[in-house]
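To start, the structure itself, in structure tokens.
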Amino acid sequence: MSERIEVKKTYKLFIGGAFPRSESGRTYEIFAPDGSFIANPSLASRKDLRDAVVAARAAHAGWTAATAYNRGQILYRIAEMLEGRADQFAREIASLEGINEQDALQEVHSAIDQWVWYAGWSDKLSSIAGSTNQVSGPFYNFTIPEAMGVVAAIAPESPSLLGLVNAIAPIIVSGNTTIVLASTRSPLPAITFAEVLATSDLPHGVINILTGNKSELTPWFASHMDINGLDISGLEDSQMVNDVKIAGADNLKRIHSFHESASPQRILSFMEAKTIWHPIGI
Amino acid sequence: MTTFDYAPALESRSIVTIDPSYGHFVNGRFIEGKNHFASINPSNEEVLSQIALAGSADVDLAVKAARGAYEITWSVMPGRERGKYLYRIARIMQERAREFAVLETLDNGKPIRESRDIDIPLAAAHFFYHAGWADKLDYVGLGQSPRPHGVAGQIIPWNFPLLMLAWKVAPALAAGNTVVLKPAESTSLTALLFAQVCQQAELPAGVVNIITGNGSTGALLVDHPGVDKIAFTGSTEVGKAIARAIAPTKKKATLELGGKAANIIFDDAPIDEAVEGIVNGIFFNQGHVCCAGSRLLLQENIAEQTIEALKVRMAKIRVGNPLDKNTDLGAINSAEQLSKIESLSASGDDEGVHRWSPPCELPAKGYWFPPTIFTGVTQANRIAREEIFGPVLSILTFRTPAEAIEKANNTPYGLSAGIWSEKGSRILWAAQQLRAGVIWANTFNKFDPASPFGGYKESGWGREGGRHGLSAYLLSNENGEEK
């Protein structure tokens, strides 16, 4: 009996709910630590980023208008789908990062738990970050945190899945939409994650995932005028960080990077405080 | 026919003593300054005093004084004690309120009614409000024992000189930072009087340092390696330059920048009240307000009647001597600002937009611009896109609420917006849709120390006022701290 030949997966981008190849037609090779070939993921271009921003901007109005309860449920649904694929993620991470499957599964479980932790924040943000303000006059005055718009992220190189989750979840839970650049060395879990998203009732365009070269794409993230905020926790090169901040000043992007993974501050850094005044009278 | 003209009602300036020249306030005392330039009264071009231009040596001295005070005194003082100094400052400002008001009006050109009733009382209120925070920092929302940044470099504009000083200095001190403040080139006098208040309050030397100068002084302060935190209010252009300048550093910044606020009048709005709101929105403080309601969006079916009512109301605006208690519209702050207003208004003429001002006699000397509206403005016109920072209103129309929101949000700015309607659900819907940090519904241009102020998009970073504003002067010791 002949050995069964495996059906291998084509790893593509995730933009606007679809899985296109890079418009540039480019791919790059991913090898396991032992040097064996794994896959040819897309090498995203500046144009792919621009397409993804258009998709994210288009998705923003609907996503931010969804009730917080609804957003929380959709995020939780994503966790359910992740759980079902935990073993697949673990195998992928193990093959890419050269760790054993047990440790890889540990990372997957952490990522799922982290995602659930963020999901639960959706309807509690105003309680912790909003206020009613005692102004000296006959006015009702209150402040609410509100999603900023399109917030992009450069995910860290590793841990590939947990890093991706830490980048995406705090951005979208408040109502932002996002474009995330996955780990350049270990991009495959990000695309498998996109398959999870595609089956999780997430509106198209809320999360867009690019794979490619960090040093090529980061400057375009920084200078894009329709990106409101940028999480650069995944950037290690200090010169690149400086360049991003300088280019980001052109539209006063809110640019942040974080040490900690589980913090409401990661959510609130990509929200704006809106204060509303109304007179009180008969 | 009997007329009911107002007799002149001049506020006396005898309460104010202005020195012929000033130095800088560093480490608790005034030091000699160099390269003086004139500070003038914009309402009559009278030279009020000579102001020193701080160079790198002065900036360095001030930052070192602030660092020393931070390390030796201010950061180790219990919050309760820090708070008492802020209360003292608030009280002394109240005691000397009239003096501050007259001086502000002389130096800035704003009507005495506004400096007396708004700028100075609000400035004192900011200190009083933040005084109470100084020993309650654990409740700001940043976890236990949040830390101050250290030395804050603060650069403020000329439109609300003392009030902007208060917005900056009060939260910085309450949080435990020390400050080096640079007032605007054309309006340093009330900051220098504030230095005397610090002396009277026996504020420890070096906690507040005030250096005067122009943009070059501001740049030196931003670039000084001893400064940990920048707080700036001013133009978006300079705000972006500051963001670039601090990119390679660990410095944090709050930026309160420009705006092009929409003031939306729905067809169910009470027109007379809305007209008062429109006038307050754009003519308050000569329109030198970053959150001014400079784009009026009128629902088409009430546009004509609203513009007619607005014209009638505008004809009653009294333009003239800012020290006159009946004056509504004072002087434009500087020749430079006047020429900017004139040139942007001329662009409206060039682009074929219709300009109207009520008949109004402007004083012969000083810098003046009449209250002005442009009708038939489209979104592409420069006067609908660029911040004029003067008493110039661009009027656009809309048919549906959705169109109003689209037009209102069609700007790189996002500082403030106004909504006028009698329908609660419509107000809340519009407030939700508007991409701006401060929304005034059936009111406009209201400010309070407890109310966070600041913008979305290119209107800046962070908030000032309230718990949100205070937190910008603190660092959390808990999770989520930025790299």
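Read-outs throughout are calculated quantities, based only on the coordinates presented, and are distinct from any laboratory measurement. Model, not experiment: these values are computed from the prediction. Don't worry about glycine lacking a Cβ; one is built from the backbone with ideal geometry, like all the others, and counts go over all protein chains shown.
Which net charge results for the neighbourhood of B:Pro161, defined as the other residues with beta-carbon distances under 13 angstrom from its beta-carbon, given Lys and Arg at +1 and Asp and Glu at -1? Value of the local net charge: -2. B:Gly150: net charge of surrounding residues, Cβ under 12 Å, Lys/Arg +1, Asp/Glu -1, itself excluded? Within the 12 Å Cβ shell, the charges total +4.
By the count of other C-beta atoms within 10 Å, a proxy for reagent exposure, B:Cys290, B:Cys360 are ordered fewest to most as B:Cys360, B:Cys290.
May I ask what percent, to the nearest 5, of DSSP beta bridges between residues of the protein assembly as shown are antiparallel?
Working: 35 of 90 bridges.
Antiparallel: roughly 40 percent of the beta bridges in the protein assembly as shown.
Kindly flag which residue pairs out of B:Lys340/B:Lys365; A:Lys245/B:Lys229; B:Lys229/B:Lys407; B:Lys182/B:Lys252 have an alpha-carbon separation exceeding 27 Å in this structure.
Details: B:Lys340/B:Lys365 18 Å; A:Lys245/B:Lys229 16 Å; B:Lys229/B:Lys407 36 Å; B:Lys182/B:Lys252 18 Å.
B:Lys229/B:Lys407, as the Cα separations exceed 27 Å there.
Computed over region B:35-97, the Cα gyration tensor eigenvalues convert (square root of 5λ each) into semi-axes of 32, 22, 5 Å, ordered from largest to smallest.
Averaging over all projection directions, the Cα-based convex hull of region A:38-129 occupies 8.2 nm² in the image plane. If you take the Cα centroid of region B:310-370 and the Cα centroid of region A:249-271, the two points sit 43 Å apart.
Can you tell me the dipole magnitude for the protein assembly as shown around its Cα centre, using point charges on the Cβ only (Lys, Arg +1; Asp, Glu -1), in Debye to the nearest 20?
Working: 69 positive and 82 negative charges, 115 e Å.
Dipole magnitude for the protein assembly as shown comes out near 560 debye.
Over all directions, the projected convex hull of the C-alpha atoms in region B:1-136 averages 11.5 nm² in area.
Send over the per residue convex hull volume for region B:82-129, Cα only, as a whole number of Å³. Please report the intermediate quantities before stating the final value.
On the way: hull volume 2.8 nm³, N = 48.
Roughly 58 Å³ of hull volume per residue.
Modelled label positions at A:Gln73 and B:Gln432, each set 7 Å beyond Cα in the direction of Cβ, lie 1.7 nm from each other.
Could you give the dipole magnitude of chain A about its Cα centre, charging the beta-carbon of Lys and Arg +1 and that of Asp and Glu -1, in debye to the nearest 20?
Dipole about the Cα centre, nearest 20: 820 debye.
Just so you know, the averaged projected area of the alpha carbon convex hull for chain B sits at 23.0 nm². Positive-end ranking of A:Gly212, A:Leu161, A:Ser223 along the dipole of chain A, with charges on Cβ about the Cα centre, is headed by A:Ser223.
To the nearest 20 debye, what is the magnitude of the charge dipole of chain B about its Cα centre, counting +1 on the Cβ of each Lys and Arg and -1 on the Cβ of each Asp and Glu? Provide the component values of the computation, followed by the final result.
Working: 47 positive and 52 negative charges, 241 e Å.
Here the size comes out at about 1160 debye.
Taking the charge dipole of region B:262-448 about its Cα centre, with +1 at Lys and Arg Cβ atoms and -1 at Asp and Glu Cβ atoms, the residue from B:Gln286, B:Pro358, B:Ala404 reaching farthest to the positive side is B:Gln286. Can you tally the net charge around B:Gly330? Count Lys and Arg as +1, Asp and Glu as -1, for every other residue whose Cβ sits under 11 Å from the Cβ of B:Gly330. The answer is -1.
Of all DSSP bridge pairs formed entirely within chain B, close to 30 percent run antiparallel. At q = 0.16 Å⁻¹, work out log10 I(q)/I(0) for region A:30-279 with the Debye formula, treating every Cα as an identical point scatterer and leaving solvent out; two decimals please. Evaluating at q = 0.16 Å⁻¹ gives log10 I(q)/I(0) of -1.16. Taking the centroid of alpha carbons for each part, region B:198-221 and region B:69-105 are 14 Å apart.
Since only B:Leu338, B:Leu173, B:Ala380 are under comparison, the one whose Cα sits farthest along the positive direction of the charge dipole of chain B, derived from C-beta charges on Lys, Arg, Asp and Glu, is B:Leu173.
If R0 is 35 Å, the Cβ-Cβ spacing of B:Glu304 and B:Ser235 corresponds to a FRET efficiency of close to 0.50.
Note on A:Ile128 and A:Ala65: with the Förster distance fixed at 25 Å, the Cβ-Cβ geometry gives a FRET efficiency of about 0.70. When both bridge partners sit in chain A, DSSP labels roughly 55% of those beta bridges antiparallel.
What per residue convex hull volume, in Å³, do the alpha-carbon atoms of region B:262-448 yield? Could the numbers behind the result be given before it?
On the way: hull volume 21.9 nm³, N = 187.
Output value, Cα hull per residue: 117 Å³.
Taking 56 Å as R0, compute the FRET efficiency from the Cβ-Cβ separation of B:Glu202 and A:Tyr140 and round it to 0.05. Write out the running numbers ahead of the final one.
On the way: r = 40 Å, r/R0 = 0.71.
FRET efficiency, B:Glu202 to A:Tyr140: 0.90.
Scattering from the protein assembly as shown was approximated by placing one identical point on each alpha carbon and applying the Debye formula without solvent; log10 I(q)/I(0) at 0.07, 0.08, 0.11 1/Å stands at -0.53, -0.68, -1.19. Placing a pseudo-label 7 Å from each Cα along the Cα-to-Cβ vector at B:Ser145 and B:Arg80 gives an inter-label distance of 1.8 nm.
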